[in-house]
2 protein chains.
Amino acid sequence: MRALVLTDDGVRLETDRANPVAAAGEVRVRVLRAGICETDLQLLRGYKGFRGVLGHEFVGVALDGVFEGQRVTGEINCSCWACERCHAGRPGHCPHRTVLGILDHDGAFADSIAVPERNLHLVPDTVDTDSAVFTEPLAAAYQIPTQLAIGKSDQIIVLGDGRLGNLCAQVLASMSDHVLVIGKHPNKLRMLDALGIETRLLMDRPPHGAADIVVDCTGSESGLTTALDLVRPRGTIVLKTTIAGTQTLSLAPVVVDEITIVGSRCGPFNRALDALAGGLVDVKTLITDRFDLSDGVRALQRAGESGVLKVLLCAADHL
Amino acid sequence: MRALVLTDDGVRLETDRANPVAAAGEVRVRVLRAGICETDLQLLRGYKGFRGVLGHEFVGVALDGVFEGQRVTGEINCSCWACERCHAGRPGHCPHRTVLGILDHDGAFADSIAVPERNLHLVPDTVDTDSAVFTEPLAAAYQIPTQLAIGKSDQIIVLGDGRLGNLCAQVLASMSDHVLVIGKHPNKLRMLDALGIETRLLMDRPPHGAADIVVDCTGSESGLTTALDLVRPRGTIVLKTTIAGTQTLSLAPVVVDEITIVGSRCGPFNRALDALAGGLVDVKTLITDRFDLSDGVRALQRAGESGVLKVLLCAADHL
């Protein structure tokens, strides 16, 4: 089969890679569509030292198991379900886990992928395949309200107008009347304006301490420092940005202003699929470009270009 | 009067400094005893660029006002009580505040100090003057349970066996059965052992992810990185350490493991005074040394030496 493989020499398309073999509890899924995410671009830069087939946002058709022949999407953490952490209700943090396309498990930028069956979610008939690719990043946005209470009057700033910032802003704007997105790209901010969400360019940002909650979706080293400037004393910063390697910053304001920083990662797929089925979130305008899997290397380059939002890979013969 | 003054040329004893003038709402307090804190040592190294009389942990006798002639201690944040933040119940974070001996307000390493009267707390007769000096740092330890719920079965690690680490450990050990202090100084750890609190040397620390809650009282740049290693996924780090300037570290684990970091600073004086009056906390064994105010420069040097816990300055003629 075809697969986009990250090797010691960079990423390349393989056309004769062996089909994945389903391990115990896994089923094979023929990939219809996959999305390129900021994490994929970080992996290309060395984050986590991953080697193998990239890709963790996908929709496909199950080739066996209870969902055989139906469209599915899948949670990315493959947990052991046997250890103390899994039993404590934190399977996403299982120390023995693999992660699709990120950690010791081949991913979805391929014609097919093997996924633990319990990770799969049926895609409702009312959700088209392009939209369903956004289930994983949208779930990550819905993780925020599982971690902290969001009130109608909370002043919320989302830093970053990219893919994840857009989704987080849409989710939070359904919970608070005061969501402001701060970004660097007028074209991306205009898309949020069109949804009725307030936006500003970084250079025009509000004064120090203006927000109760700041969500860092910048994917940039400077994001947390900007967030520390914008959050009020005793406010909360939600950290979505993962940086490969170290970063240098002043953390004294965290103590002096008694800030809470909450790391936030994967979220509830069922809530994301419900939102897509209910038309609560606009995702299709985020699609900037689409490529056939055979042009995957070019697609990854495109996803890293300025001004680009979501780039889709179309794997099976359903373009 | 005498005063220990931080100037552009370092710290020096002045013997002919003018007595402080009480501003509106302030009273003068004749200082009996003052404590040297890690923050004082940070200020000497340039933290916050403070210039003026150092000192914010003190007990004295009020020279006027409702407490005239009685022993008092005082909260350190001098707030405006008029702005939005003060009205929102966060006077400790008032943007117009001064802070005794730390920010635009002369401190307590002097024969007398001027303090807003509403900052003062009467020292109960059952609490001796040496113990009452610990009210401010003990209140900082009691801030932790105001910020997060502490349960009997929570696995808590306190990083740092210094002054604040000791007090935090004592406070938390009254709330959880599983408090472990990790430090570098066998003599300081033995003091905690004697109180029935489990201790370990840093080199013998528990494995990755062992703690539900880690409190960083190291005062060191490496503290947060160690805390990130010791806390379990979805656990909480309480950050007490303030570092002057920037620090370099990897924050990806905060996101990947969904850690919550809570900055923690000043706390409730009434709870600390109650604990001192009730004999719930042992503070006097923390006193390593005491100096007359006239030997204050030497006292500051002593406080920075390895193995030293609390150094007291004795200002008035009550040695």
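Checking region B:85-103 against the condition returns a match, with at least one residue being hydroxyl-bearing (S, T, Y), free of Cβ contacts under 8 Å to residues at least 60 places away in the same chain and assigned by TED's automatic domain parsing to the domain that holds B:V308.
Within region A:62-91, the set of residues being within 14 Å of A:E26 (Cα to Cα) and part of a strand (DSSP E or B) comprises A:A62, A:V72, A:T73, A:G74, A:N77, A:C78. Taken as a whole, the condition of being surrounded by 16 or more Cβ atoms within 10 Å (Cβ to Cβ), more than 12 Å from every other protein chain (Cβ to nearest Cβ) and touching a strand residue (DSSP E or B) at 6+ places or on another chain (Cβ under 9 Å) applies to B:C78. Across region A:264-284, the number of residues qualifying as within 30 Å of A:F50 (Cα to Cα) and away from chain B (no Cβ under 14 Å) comes to 7.
Selection of region B:217-227 for residues being at the interface with another protein chain (Cβ under 10 Å from one of its Cβ atoms) and in a loop (DSSP other than H, G, I, E, B) yields only B:E221. Each residue in region A:228-257 was checked for being more than 20 Å from the chain's Cα centre (by Cα) and within 19 Å of B:L224 (Cβ to Cβ), and 15 pass.
Per the conditions (1) part of a strand (DSSP E or B); (2) open to solvent by less than 10 Å² (accessible area, probe 1.4 Å); (3) touching a strand residue (DSSP E or B) at 6+ places or on another chain (Cβ under 9 Å); (4) facing chain B (nearest Cβ under 10 Å), the sole criterion not satisfied by A:P233 is (3). Just give me the residues in region A:204-213 being open to solvent by less than 20 Å² (accessible area, probe 1.4 Å) and either in a loop (DSSP other than H, G, I, E, B) or away from chain B (no Cβ under 14 Å) (or both), in sequence order. Within region A:204-213, A:P206, A:G209 meet the criteria.
Condition check ((1) part of a helix (DSSP H, G or I); (2) open to solvent by 10 Å² or more (accessible area, probe 1.4 Å); (3) within 18 Å of A:Q170 (Cβ to Cβ); (4) touching a residue at least 40 places away in the same chain (Cβ under 8 Å)) across all residues:
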{"site": "A:V215", "(1), (2), (3), (4)": "no, no, yes, yes"}
{"site": "A:D229", "(1), (2), (3), (4)": "yes, yes, no, no"}
{"site": "A:T248", "(1), (2), (3), (4)": "no, yes, no, no"}
{"site": "A:V255", "(1), (2), (3), (4)": "yes, no, no, no"}
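Quick check: is even one residue across region B:45-55 more than 23 Å from B:L293 (Cα to Cα) and either touching a His at 6+ places or on another chain (Cβ under 8 Å) or surrounded by 20 or more Cβ atoms within 10 Å (Cβ to Cβ) (or both)? For region B:45-55, residues more than 23 Å from B:L293 (Cα to Cα) and either touching a His at 6+ places or on another chain (Cβ under 8 Å) or surrounded by 20 or more Cβ atoms within 10 Å (Cβ to Cβ) (or both): absent. Restricting attention to region B:280-299, the residues being touching a Ser or Thr at 6+ places or on another chain (Cβ under 9 Å), open to solvent by 50 Å² or more (accessible area, probe 1.4 Å) and of a type outside the set (D, E, K, R) number 2. A count restricted to region B:139-189 and to residues that are part of a strand (DSSP E or B) and open to solvent by 50 Å² or more (accessible area, probe 1.4 Å) stands at 2. Tallying residues that are over 27 Å from A:R118 (Cβ atoms) and more than 16 Å from the chain's Cα centre (by Cα) within region A:3-43 yields 10. One residue stands out in region B:106-138 among those that are surrounded by 20 or more Cβ atoms within 10 Å (Cβ to Cβ) and β-branched (V, I, T): the one that is farthest from B:V171 (Cα to Cα), namely B:I113. The residues listed here are B:I261, B:I243; of these, the one that is assigned to a loop (DSSP other than H, G, I, E, B) and within 9 Å of chain A (Cβ to nearest Cβ) is B:I243.
Here's the yes/no breakdown for (1) of a type outside the set (D, E, K, R); (2) in contact (Cβ under 8 Å) with a residue 24 or more places away in the chain; (3) touching a Phe, Trp or Tyr at 6+ places or on another chain (Cβ under 6 Å):
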site	(1), (2), (3)
A:D130	no, yes, no
A:L167	yes, yes, no
A:V179	yes, no, no
A:M191	yes, yes, no
A:H208	yes, no, no
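Can you name the residue in region B:285-308 that is in a helix (DSSP H, G or I) and within 15 Å of the chain's Cα centre (by Cα) and is also nearest to the other protein chains (Cβ to nearest Cβ) among such residues? Checking each candidate, the answer is B:A303.
Please indicate, with yes or no, whether at least one residue in region B:36-52 is at pLDDT below 95 and of a type in the set (V, I, T). Yes; the residues of region B:36-52 include at least one that is at pLDDT below 95 and of a type in the set (V, I, T). Would you be able to say whether some residue in region A:301-317 is within 23 Å of B:K240 (Cα to Cα) and open to solvent by 20 Å² or more (accessible area, probe 1.4 Å)? Scanning region A:301-317 turns up no residue that is within 23 Å of B:K240 (Cα to Cα) and open to solvent by 20 Å² or more (accessible area, probe 1.4 Å).
Within region A:100-117, the residues that satisfy the criterion of being part of a strand (DSSP E or B), closer than 19 Å to A:W81 by Cβ and touching a Lys or Arg at 6+ places or on another chain (Cβ under 9 Å) are A:L103, A:A114, A:V115.
The values are calculated or read from the model by the stated rules, or taken from the named source; none is laboratory data. Keep in mind that this is a model prediction, so the values were computed, not measured. Glycine gets a Cβ as well: all are built from the backbone with ideal geometry, and neighbour counts include every protein chain shown. For the accessible areas, the whole protein counts, side chains as well, though only heavy atoms, and no ligand, DNA or RNA atoms are used. Shrake-Rupley method; radii C 1.70, N 1.55, O 1.52, S 1.80 Å.
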